[in-house]
Amino acid sequence: MKTLCGIRFLAFCLLAVCAPQVSVVAQSRAAQGPAQGGAQSGAPPGATRAGVPDNAPRTIAPYFTPASRVPRAPDIEGFLQRWLLLEPIAKPNRTNIVFTDSYVRNAFATEYFPGQMTVVPRSGDTVTVDGQKLAWHAVDSSTFNVKLFRFAYGLNKPTYGVIFWAVTVVNSPRELKDVRMAVGSNSASMWWLNGKEAVLLSGDRRMVMDDCVSPRLTLTKGRNVIRGAVINGPGLSDFCVRFVDERGKPITDVTLHLDQAENQ
Amino acid sequence: MKRSLLAAAVAALVAVAPAPLFAQSRPAPALDGEPYIHDPSTVTFCDGKFYTFGTGGGGLISDDGWTWRSGAVRPGGGVAPDVIHIGNRYYVTYARGGGGMSGGHASNVYVMWTKTLDPNSPDFGFHDETVVATSDGIEDCDAIDPAFLLDPTTGRLWLSYGTFFGYIRLVELDPRTGKRVVGNKAINIAIDMEATALVYRDGWYYLLGTHGTCCDGANSTYNIRVARSRKVTGPYIDNVGIDALKGGGKLVVAASGRFVGPGHFGLLDLGDGVQKFSCHYEADLDRSGRSVLDIRPLLWKDGWPYAGDNFREGTYEIQSERSGYALELAVDFVRMPSMRRGGFGAPGGPPSGAGAPGTNAPGARGAGAPGTATPPAAAAGANPQRGGAPGGPGTNMFAAPTGPVTPVPAQDLAEASKDWPAGTLGVRLGDFMFRPHQKWTITPVAGAGGYPGAPYFKITIAGTNRALAAAADAEVVAVPTFTGGPEQLWRIDQLTDGTYRIMPKSVPGSTEPFVLTAVAHSTPTLAKFDPKSDNGRWNFKLP
């Protein structure tokens, strides 16, 4: 989640000096943690400064488009761009340095909704978490990485202090042994293949392709369910996932097909 | 080799004393066992063993390149042999006469061949000994110290020879017979040099040879130097443009540590970007000042070779060349207590722009002090949008620092490890923070064997017995206790670019030569080494 490098941070400081009230307001929102729903709670800290009014209509475009019923291949580099994303679950954290292995495991071992580790939902299905009704959305990401922040922001949902759940189904034309699930995420995340833990990314983590990979895995012939959870405090959330072979080459001859995507 | 002192060197070789045991406390020792030799031939691998021959006949054998014993057989006596493997023959060259012995420089260089270097093999036996070069004792050349080069670009076989008495010369041999090419005339390629060797690499021919004084024990100034040429026949020029025919030569290796007088370079190319060289030291001060064999990494920089050092035991960060991240136990990060008292402001000055208590005044840089209207995270003293950690009460990273300046103790092992699980742990790569879970103590393991130039090492978390180990499925873990198993023994080879390759002695359930590999930015595994990739390259840094 190291979203600001030195120069950008200095620029931010200068901005803060020049427009202190704006900066404080932005940070106040971030620090307060996500209120449930509503435009105000989901405002990115730079939106007002950039001149975009908070009440402007929001959309997940152009970052996402609805998933179609046509199976989709990974992109040329093997990145999986079709996902079922659950609207964010509130998990207030004012900093990301808390995301130790133990914290992350515990956070994702907590049951937020029934079938959390088993369901392959239909687009539009909803779950209720702490009284908040959250919907699943079957989407295609326009970029190699799935921009969870833009997903939440576009839906007027909380963007900071959140957990995102993601599910997709990979259809493999044959059994593929000794492949690895390669993940990058901002911030911490955990991923499962067919119900078994594949890879954990802990810490205050920025998203880098192939940041962490799983041990050698087998993609079974036919249907393989990929499930992931991403947790973030303040900052932009996103992830990227692909499979690579023993030589690190991307697996591209699989397809992604969300069975009920047409219900979107 | 200066013949005036040869007798002393030979006498030292003949004298046999108990072999010194490998001492763990000594960094980067010369080879183990009885590596006593002078003017060693290029170390050559044959039928599962390493061989080298020396002055006076005979030579050394090793099963692993680390522990050496006498037993190699070379007839003919004489001085300074060399070996090359071509087809099904091992050609051996050596010289008899010359070298200043008895005041003479008349000498012959011989070549003979055998199907194997193993003296116990029925195929062992030298054939077709023939003279390929001579010096008459008057001319400006002393035909000793021969060395082969099989030119990989042409398949032609060359032989350099000579010593400080006159020229280093080059002649061409027939690679099918080892005999001198009919009509070939010797070419002068250097002066003031002896114990030469020729190496080809990336379009350059390198002439390596020894300068300085031989055969004077701890007072020998022997050192290995190099010049290079685009053509095998020269001219060989050093790094400042001086022709080897005018005495030029860039330093490759000189005395260091407890070793005096390196000489008689021989390339040992192990493939996959691992090159080593054999040499002898005129004196190993830990072995009664005897002349000993050593094998060291050969590194390259800007097209020039130079000597690396065999790995020294110690405590290190193990840094991935791929990502720059450090190998670490996969345990919870333990924070150090926040001790910041103020931050970036000028000492003694006003709290530049910092929010004053009880205000939310303009000028607050987003990190207000207690009592402000700033929300909890912003008041915490760190910028949460940067993922920063909350500071202590009253801290303000933009305020002028206050209080005395004192050193901050490093996080100690007891504090960091109190919640580490007891069993086998995963390992991963992370930002190096010089924390206990990132410091590895690397120690040679006595009696566990080795590889060319060095022993196997154990790699443990400093202050613990938790050991890096190869696991089934070619993954890497940290086991709770070092047991000495082959999956816990590590070979550490320095590569030609100065980085290191780290290889377990064995991987459970596999016979593949896997090495420690950063398969992702943050994930280590075991995989085949790819010399074209940084994934299998590591650096050892002092924490």
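Here, each number is a calculation from the coordinates, and none is a lab measurement. Because the structure is a prediction, the values reported are computed rather than measured. When we count neighbours, we look across all protein chains shown, and the Cβ atoms used for this are built from the backbone with ideal geometry, even at glycine.
Structure notes:
- Dipole in debye (nearest 20) - region B:3-310, about Cα centre, beta carbon charges: Lys, Arg +1; Asp, Glu -1: 340 debye
- With K and R counted +1 and D and E -1, the other residues having a Cβ less than 13 Å from that of residue A:132 yield a net charge of +1.
- For region B:64-110: rounded, prolate or oblate by the Cα gyration tensor [a/c cutoff 1.5]: oblate
- Of A:133/A:157; B:458/B:541; B:49/B:528; A:147/A:221, those spanning more than 19 Å from alpha-carbon to alpha-carbon: B:49/B:528; A:147/A:221
- Using the Cα coordinates of region B:3-310, the gyration tensor eigenvalues translate into equivalent-ellipsoid semi-axes of 26, 22, 20 Å, sorted from longest to shortest.
- Computed E for residue B:139/residue B:497 - FRET, C-beta separation, R0 56 angstrom, nearest 0.05: 0.85
- Rounded FRET efficiency, nearest 0.05, which uses the C-beta distance separating residue B:219 from residue A:175 and R0 of 56 Å: 0.20
- With the gyration tensor restricted to C-alpha atoms of region B:421-475, the semi-axes of the equivalent ellipsoid amount to 22, 15, 12 Å, longest first.
- Values of log10 I(q)/I(0), in the order q = 0.14, 0.17 Å⁻¹, for region A:64-263 under a Debye, Cα-only, solvent-free model: -0.73, -1.12
- Percentage, to the nearest whole number, of Cα pairs in region B:101-161 over 14 Å apart: 67 percent
- Region A:150-264: C-alpha gyration tensor shape, a/c 1.5 cut-off, then a/b vs b/c: oblate
- With Rh defined as the Kirkwood radius, the inverse of the mean 1/r over Cα pairs, the Rg/Rh of region B:122-262 is 1.00.
- Residue B:441 long-range amide H proximity, modeled H, under 5 Å: B:316, B:460, B:461, B:462
- Length-normalised contact order of region B:3-310 in % [C-alpha pairs under 8 Å, at least 6 apart]: 13 percent
- Those lysines that a straight Cα-Cα span of less than 21 Å connects to residue B:231, excepting residues fewer than 8 apart in one chain: B:185, B:246, B:250, B:301
- Taking the convex hull of Cα positions in region B:40-144, its mean projected area over all directions (nm²): 6.8 nm²
- Once the Cα gyration tensor of region A:116-178 is diagonalised, semi-axes √(5λ) in Å: 25, 16, 11
- Computed as a quarter of the hull surface, the mean projected area of the alpha carbon convex hull for region B:450-525 stands at 5.8 nm².
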